[in-house]
1. Under the condition of being among the hydrophobic types (A, V, I, L, M, F, W, C) and at pLDDT 95 or above, which residue from region 86-106 is farthest from G47 (Cα to Cα)?
2. Which pairs do you get when a residue that is assigned to a strand (DSSP E or B), found in region 8-32, comes within reach of a residue that is aromatic (F, W, Y), reach meaning Cβ atoms under 6 angstrom, with the pair 6+ apart or on two chains?
3. Basic (K, R), loosely packed, with under 14 Cβ neighbours inside 10 Å, over 11 Å from the mean Cα position of the chain (by Cα) and in a helix (DSSP H, G or I), is that true of K113?
4. Looking only at region 93-110, how many residues end up being among the charged types (D, E, K, R) and open to solvent by 70 Å² or more (accessible area, probe 1.4 Å)?
5. Please go through region 65-92 and pick out each residue that is farther than 17 Å from E20 by Cβ, in contact with a strand residue (DSSP E or B) (Cβ under 9 Å, 6 or more places away or on another chain) and either aromatic (F, W, Y) or open to solvent by less than 90 Å² (accessible area, probe 1.4 Å) (or both).
6. If you go through region 93-114 one residue at a time, how many are β-branched (V, I, T) and under 15 Å from I23 (Cα atoms)?
7. So which strands (runs of 3 or more DSSP E) stay within region 34-75 end to end and still have 2 or more residues that are closer than 20 Å to G89 by Cα, under 13 Å from the mean Cα position of the chain (by Cα) and of a type in the set (V, I, T)?
8. Would you call E93 closer than 17 Å to R49 by Cβ and acidic (D, E)?
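The values are calculated or read from the model by the stated rules, or taken from the named source; none is laboratory data. Just so we're clear, the structure is a prediction, and the values are computed from it rather than from any experiment. Every residue, glycine among them, receives a Cβ derived from its backbone with ideal geometry; neighbour counts consider all protein chains shown. Heads up: the accessible areas ignore ligands, DNA and RNA and are worked out on the full protein's heavy atoms, side chains in. Shrake-Rupley method; radii C 1.70, N 1.55, O 1.52, S 1.80 Å.
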Amino acid sequence: MIFKREEAFRYIFGFPIPAEFTITQINYREVNSSPGMAEIIDISPEGLRIRTNLLIPDEDAKIVLSVTFKINEVDLTVDGEIIWAKEMGSLVEYGIHLLVDASMKNMIIEELKVYSKSKN
């Protein structure tokens with residue numbers, strides 16, 4: 001799938017932050033998977049890139065994840081659709097397009113501003 005990033009910025013974490021995810025939809029059908037562990041490598045208000053040791057099969061399916069993570073001691077949970085996957089040895093990276101409203105996008109931006117100031 002061809003995907004052109006048009007977002008204003010993407011924050012790359014120096015050290016990936018831990019996250020937990022579940023599969024909530026496969027081809028518009030609700031599912032309830034067991035949680036899996038991942039690391040968030042980078043994030044923007046529009047998407048994120050995670051790395052995990054779990055291979056999510058069926059690249060032709062529309063798969064929606066619910067991802068929970070913490071920035072600045074603030075718990076965030078976002079839904080997003082997998083738009084690409086790349087195997088890297090025993091790990092897999094996934095590009096996820098976030099399915100969030102303007103309020104959540106603003107919250108992500110504000111938390112990233114605080115996070116980046118605390119790391120500099």
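1. Only one residue fits best here, namely L91.
2. I17/F69; A19/F69
3. yes
4. Residues flagged as among the charged types (D, E, K, R) and open to solvent by 70 Å² or more (accessible area, probe 1.4 Å) within region 93-110 amount to 2.
5. Of everything in region 65-92, those that are farther than 17 Å from E20 by Cβ, in contact with a strand residue (DSSP E or B) (Cβ under 9 Å, 6 or more places away or on another chain) and either aromatic (F, W, Y) or open to solvent by less than 90 Å² (accessible area, probe 1.4 Å) (or both) turn out to be E81, I83, W84, A85, M88.
6. Total meeting the criteria: 1.
7. 36-43, 47-52
8. So E93 passes the test.
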